[in-house]
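The values are calculated or read from the model by the stated rules, or taken from the named source; none is laboratory data. As the structure is a prediction and not an experimental result, all values here were calculated from the model. Don't worry about glycine lacking a Cβ; one is built from the backbone with ideal geometry, like all the others, and counts go over all protein chains shown. Quick note on the areas: whole protein, heavy atoms, side chains included, nothing else; ligands and nucleic acids left out. Shrake-Rupley method; radii C 1.70, N 1.55, O 1.52, S 1.80 Å.
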Amino acid sequence: MPVTYVLVHGAWHSGQCWSKVVPRLAANGSAVFTPTLTGYGETRHLLSPSTGLGTHTDDVVRLLVEEDLREVVLVGHSYAGMVISGVANEVPERIARLVYLDAMVPEHGESALDALPAARGMLGDGWRVPPPQEPFGLFGLTEPADIAWLRTMVSDQTTRCLTETVTMDNPALAAIPRTHIHCTPKPEGVEPRPVPAVQPNGEPADVRELVSGHDCMITVPDELSKMLLDLSSTVGAGR
């Protein structure tokens, strides 16, 4: 059945990265929202040292409340696994399912650096963290056209995004079903956290794989869209 998807981009990207996925989900009658988080893409002029995880959590919470979105499949790619975790803590009643798309999966009180220690290598001396340059191996893009398109989109993020901790202390958060989508194979030195066999809500873990680079919304939009549409049948189930 048609559902509402909110797709949250990861570090350095913007909401534009979902452009290939949106029409595929919308063709099923679903509503699709792809916010650009503060300081990225078309809002890059708003980036400041104080921009961080809390800023981005507030961005998505504001969208859900202002648009009065409910029964949402909330998808977080990469760094946005941190963001959707914080959002679900704030407005759990609006979320039907959390989807961690090749994403950081934190526990309460953790930062992105805790959830993915390999990210420590991204830190420099200043407050800005620029996107990776050559090669774009972190994002898994190989087609020149895809790389060129992504380069028009990416921009700096802040150190605060990586060091600010997430709040996940709302008891209602545990009731929200989770899906984990892992892109394979992984670059050397980047491994996802093991997913517990049982979700916080007591259901068996839902772990899926896509043969794709990290930016699967760009490299395999058909396969990703089908996987997300498959989750529509689970919305509202058992809640």
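Assorted remarks:
- Overall form of the chain per C-alpha gyration tensor (a/c, 1.5; a/b vs b/c): rounded
- Across the range 100-216, Cα-Cα pairs more than 16 Å apart make up 68 percent of the total.
- With R₀ fixed at 35 Å, the C-beta to C-beta distance from R62 to E191 puts the FRET efficiency at about 0.55.
- Global form of the range 121-179, assessed from the alpha-carbon gyration tensor, a/c cut-off 1.5: oblate
- Loop sites in the range 154-239: GluC sites (Glu not before Pro), DSSP, at most 10 other Cβ within 10 Å: E188
- The portion of the accessible surface of the chain made up by carbon and sulfur, rounded to a whole percent, is 54 (1.4 Å probe; DNA, RNA and ligands excluded).
- Heavy-atom accessible area order for S85, S233, largest first, 1.4 Å probe: S233, S85
- Helical runs assigned H by DSSP (4 residues or longer) give the chain a calculated mean residue ellipticity at 222 nm of -6500 deg cm²/dmol, each run adding -39500 (n - 2.57) before division by the residue total.
- Helices of the chain meeting both criteria, an alpha-carbon length of 24 angstrom or more along the long axis and an average Kyte-Doolittle score not below 0.0, with helices taken as full DSSP H segments, do not occur.
- The range 49-110 versus the range 176-196: alpha-carbon centroid distance in Å: 18 Å
- Per-residue SASA entry for M122, accessible area with 1.4 Å probe, Å² rounded to 10: 60 Å²
- With all protein chains kept in place, the per residue accessible area of the chain amounts to 43 square angstrom at a probe of 1.4 angstrom.
- Formal net charge of residues neighbouring A112 (Cβ-Cβ distance under 13 Å; K, R +1; D, E -1): -1
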